[in-house]
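Please read the structure below before turning to the comments.
The values are calculated or read from the model by the stated rules, or taken from the named source; none is laboratory data. The shown structure was predicted, so the numbers you read here are calculated from the model rather than taken from an experiment. As a convention, Cβ positions derive from the backbone with ideal geometry for all residues, glycine included, and neighbour counts pool all protein chains shown.
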Amino acid sequence: MSVDTLFDADSLADLLMLTSTLADCEALATLSLVEVEALTLLAEVLVEALVLSLATELLIDLAAESDVLFTAESLADVLIEAEALAETLAEVLFDAALSEALASLADFEFALVEAD
């Protein structure tokens, strides 16, 4: 073999190794993007749940300070039930977001295995 042929083969091997490294980096970047999207969705759900919870607590406090005690007690009871429902909704949304993130991750990992 001539020196040029050996140099070309070595260059081709280097190019193939770089291509493989770039593909691995792209896969990691895509995985990171999926994780960021899942965390963003989760953060949005948690912020909405927190806002709802704080608003409910404020309404309960206002109802408790009301001059009409019977109405305040009834309203406070209703608001406590509403807060419990909001917490349940937040838990369901959190579970859904987490489930979606895990499903996306599993799909991505399956695609990586299939690509190899």
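Observations
- In the set Glu35, Glu44, Glu57, only one residue is closer than 16 Å to Leu93 by Cβ, charged (D, E, K, R) and modelled with pLDDT of 75 or more; that residue is Glu44.
- Residue in region 66-80 that is in contact with a Leu (Cβ under 7 Å, 6 or more places away or on another chain), modelled with pLDDT of 75 or more, surrounded by 13 or more Cβ atoms within 10 Å (Cβ to Cβ) and more than 30 Å from Thr30 (Cβ to Cβ) present: yes
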